[in-house]
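Laboratory data are not the source of any read-out in this text; all were calculated from the coordinates shown. These numbers were taken from a predicted model, which means no experiment stands behind them. Methodologically, a virtual Cβ is constructed for each residue, glycine included, from the backbone with ideal geometry; neighbour enumeration extends over all protein chains shown.
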Amino acid sequence: MNKGSKELTKGFFKENPIFVLMLGLCPVLGVSTQVSNAIGMSAGVLFVLLFSNIIISGLRHVIPPSIHIPAYIVVIATLVTITEMVMHAFVPAVYSALGVYLPLIVVNCIILGRAEAFASKNTIVDSILDALGMAIGFALGLTLIALIRELFGSGTITLFPMGDFSGVINIPWFYDNPIRVLSLAPGALLIMGFLKAFFDWNSSRKKDR
Amino acid sequence: MSYIAILITFIFINNFILVQFLGVCPFIGVSKNSENAIGMGASVTFVTTVASVVTWAIYYFLLVPFNLQYLQTLTFILVIASLVQLLEMVIQKISPALYKALGIYLPLITTNCAVLGIAIINITNEYNVMEAFVGGIAAGLGFTLAIVLMSNIREKLDLQPVRKAYRGVPIAFISAGLMALAFMAFDKSLLTNLHLV
């Protein structure tokens, strides 16, 4: 595998930001009640992470090291504000569902973490690949949690309404027998714990082989 | 809303960690022993209280008069970051003992969702300055309560036989989930029953 595709794919599983690096957990737990919210959040994180990596990587020789953190925060906060305004204008339902978690992308450790650990030391192209990989890994993890919580917790899968399609798919058996607690706050923590245990078990099993 | 209602809301009903998931990273990261947990909780309470009042003042005296509300996120995070730095310097100057106790936690707090979270929630709920102040204290106390309880659970868990895959973070999440289940007993009806609403 060449270097470029390695930068891209490492975020999917090997360095998955949610399950392996354990970064940015607040929004993961907070917005994973519905699949549509998870997708909206992932899109926001993808946008912010991609452009913050591009800008910070482009400015890496310009930003003085002593004030690099404040400079990164300004870049990230600007991008988050843009995301907020765009979502408010075009997808108001998702905007209000995400609520306080949308501005909180600013303090999401994934974005500052990748800026600090990767974009400040690598070329723009590598940084783009890294951002895409990490954002896709984040989206996969978040959507997986949201899917489990919504499917078992309320027996539905909520996507975006398009034309005649209302956006909500009812899953027959689960809809009549929901495990309500999974769609409430404790469910997020429990599911996160069990999935983390599964990922740890999986990686240790691979190592033993 | 009365001040006691705000306290109860943020400490029990909408506990920052267990219900709203704000500040989960330090909650998992710093809850390994109770001494650190108390230090972290005290620092967060201190910062949320000061930050609530300062961001409230900036929003209503600077952003609203100039119609700059859309700069809320950007301003708040910068204010919080500088505030944390300032507090660190002031505490170091005034009370070296307190600095020794809280010093290592303060830099971590800038990127704690709880601080920015309560600043934004104060504005969204249209609190006045006293309510924002109480909200800040309550958010910090709720965080402290959860992290101290968690650290005690984890200290006990260290001595228990736990399956290898669950050791460390996974079992911490599951314990937190069970704690959140207990906290579900507190809901809005508590405020009605106490005649606070």
Exercise. Relative to the longest principal axis of the C-alpha atoms of chain A, give the angle of the C-alpha long axis of helix A:35-58, reported between 0 and 90° and rounded to the nearest 10°.
Key: 0 degrees
Quiz item: log₁₀ I(q)/I(0) of the stretch A:169-209 at q = 0.23, 0.27, 0.33 Å⁻¹, via Debye over equal Cα point scatterers, no solvent, to two decimals?
Solution: -0.78, -0.86, -0.98
Quiz item: Where does helix B:34-58 land angle-wise versus the long Cα axis of chain B, in degrees 0 to 90, nearest 10?
Solution: 20 degrees
Quiz prompt | Kirkwood-based Rg to Rh ratio, the stretch B:37-151, C-alpha trace | solution = 0.99
Quiz item: Applying the Karplus parametrisation 6.51 cos²θ - 1.76 cosθ + 1.60 with θ = phi - 60° to the phi angles of the stretch B:165-170, what ³J(HN,Hα) value in whole Hz is obtained for each residue in order, glycine and proline being reported as x?
Solution: 5, 8, 4, x, 5, x
Quiz prompt | Geometric extent, Cα atoms of chain B - Rg, Dmax (angstrom) | solution = 17.6, 60
Quiz item: When the gyration tensor of the stretch B:1-105 is built from Cα positions, what are the square roots of 5 times its three eigenvalues, in whole Å, from largest to smallest?
Solution: 26, 21, 13
Quiz item: Each residue of the stretch B:137-145 in turn: what ³J(HN,Hα) in whole Hz from Karplus with 6.51, -1.76, 1.60 and θ = phi - 60°, glycine and Pro shown as x?
Solution: 4, 5, 4, x, 5, x, 4, 4, 4
Self-check item: Unsatisfied cross-links (Cα-Cα over 21 Å) in the set A:121/A:207; A:206/B:156; A:10/A:121; A:14/A:196; B:32/B:100; A:6/A:206
Solution: A:121/A:207; A:206/B:156
Quiz item: Relative contact order of the stretch A:3-145: what whole-number percent is it, with Cα pairs under 8 angstrom and at least 6 residues apart?
Solution: 48 percent
Exercise. Kindly state, as a whole number, the per residue volume in cubic angstrom of the convex hull around the alpha carbon atoms of the stretch A:3-145.
Key: 94 Å³
Exercise. Return the loop-located chymotrypsin sites (Phe, Trp or Tyr not before Pro) in the stretch B:1-90 (DSSP other than H, G, I, E, B) with at most 11 other Cβ atoms within 10 Å of their own Cβ; answer none if there are none.
Key: B:66
Quiz prompt | Sequence-distant residues sharing a close amide H with residue A:168 (under 5 Å, placed H) | solution = A:159
Exercise. Report, largest value first, the span of the C-alpha coordinates of the protein assembly as shown along each principal axis, in whole Å.
Key: 58, 56, 54
Self-check item: For the stretch A:125-209, alpha-carbon Rg and Dmax in angstrom
Solution: 16.6, 51
Quiz prompt | Sequence of B:113, A:109, A:26 once ranked by neighbouring C-beta atoms within 10 Å, starting from the fewest | solution = A:109, A:26, B:113
Self-check item: Principal-axis tilt of helix A:185-208 within chain A, Cα atoms, nearest 10 degrees
Solution: 60 degrees
Quiz item: D for the stretch B:114-197, whole µm²/s, Stokes-Einstein with Kirkwood Rh over alpha-carbon pairs at 10 °C and 1.306 mPa s: what number?
Solution: 103 µm²/s
